[in-house]
Amino acid sequence: MGRPRVTAGRGRPVTFDEPAQAEFLRLVASGVRIGEAADKLGVSRRTPTQLKTRDRGFAERLAAAKTAGSVARIPHGTPGGYNNHGCRRPCCRAEATAARAAHRDTTRDDRTAQVHPLPVVQPRTATTKFSVLADVS
């Protein structure tokens, strides 16, 4: 006879439908990481990744959202973008190189190091409770 027909309303309801996908992509484009965006929508962290492998259109929109999110999340054009966030774009590399060069120039001019004296710990005179009581009175 063949397979029985599946009627509407049967099976697991879809949780990652078009409106949820649009909200997910909006969150990712605003700088939220993929796992955090999935958590906010109440779907598994694997759901967007699995959909990306099945749906080429969603994969392209996700790649664009990730690029936009990277721009929003990382301070590009600063030494911190290169050093702290691992961005290897030319603008971040150039700023980090300039900051290193400026730092090296200032350390070459000042050859004397600043020495901060360490505090000297004074030995305790009272080591037992009886000597403490004797010091108090």
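Could you say whether any residue in the stretch 112-129 is of a type in the set (A, V, I, L, M, F, W, C) and either at pLDDT 85 or above or within 30 Å of Leu27 (Cα to Cα) (or both)? Walk me through how you get there before you give the answer.
At the first step, the residues of the stretch 112-129 found to be of a type in the set (A, V, I, L, M, F, W, C) are 113, 115, 118, 120-121, 126.
In the following step, the residues that additionally are either at pLDDT 85 or above or within 30 Å of Leu27 (Cα to Cα) (or both) were identified as none.
Looking through the stretch 112-129, none of the residues is of a type in the set (A, V, I, L, M, F, W, C) and either at pLDDT 85 or above or within 30 Å of Leu27 (Cα to Cα) (or both).
Here are some conditions: (1) assigned to a loop (DSSP other than H, G, I, E, B); (2) at pLDDT 90 or above. Pro75 meets all but one. Which one does it not meet?
Condition not satisfied by Pro75: (2).
Restricting to the stretch 21-42, name every residue that is under 16 Å from Ala68 (Cα atoms), open to solvent by 20 Å² or more (accessible area, probe 1.4 Å) and not in a helix (DSSP H, G or I).
If the condition is that a residue be under 16 Å from Ala68 (Cα atoms), open to solvent by 20 Å² or more (accessible area, probe 1.4 Å) and not in a helix (DSSP H, G or I), then Ser30, Val32, Arg33 are the ones that fit.
For the stretch 44-52, indicate whether the set of residues that are among the basic types (Lys, Arg) and modelled with pLDDT under 90 is non-empty.
Step one: list which residues in the stretch 44-52 are among the basic types (Lys, Arg), which gives 45-46, 52.
Right, trim to modelled with pLDDT under 90 and you get none.
There is no residue in the stretch 44-52 that is among the basic types (Lys, Arg) and modelled with pLDDT under 90.
The values are calculated or read from the model by the stated rules, or taken from the named source; none is laboratory data. These figures come from a predicted structure and were not determined experimentally. Remember, those area values only see protein heavy atoms, side chains included, never the ligands or the DNA or RNA. Shrake-Rupley method; radii C 1.70, N 1.55, O 1.52, S 1.80 Å.
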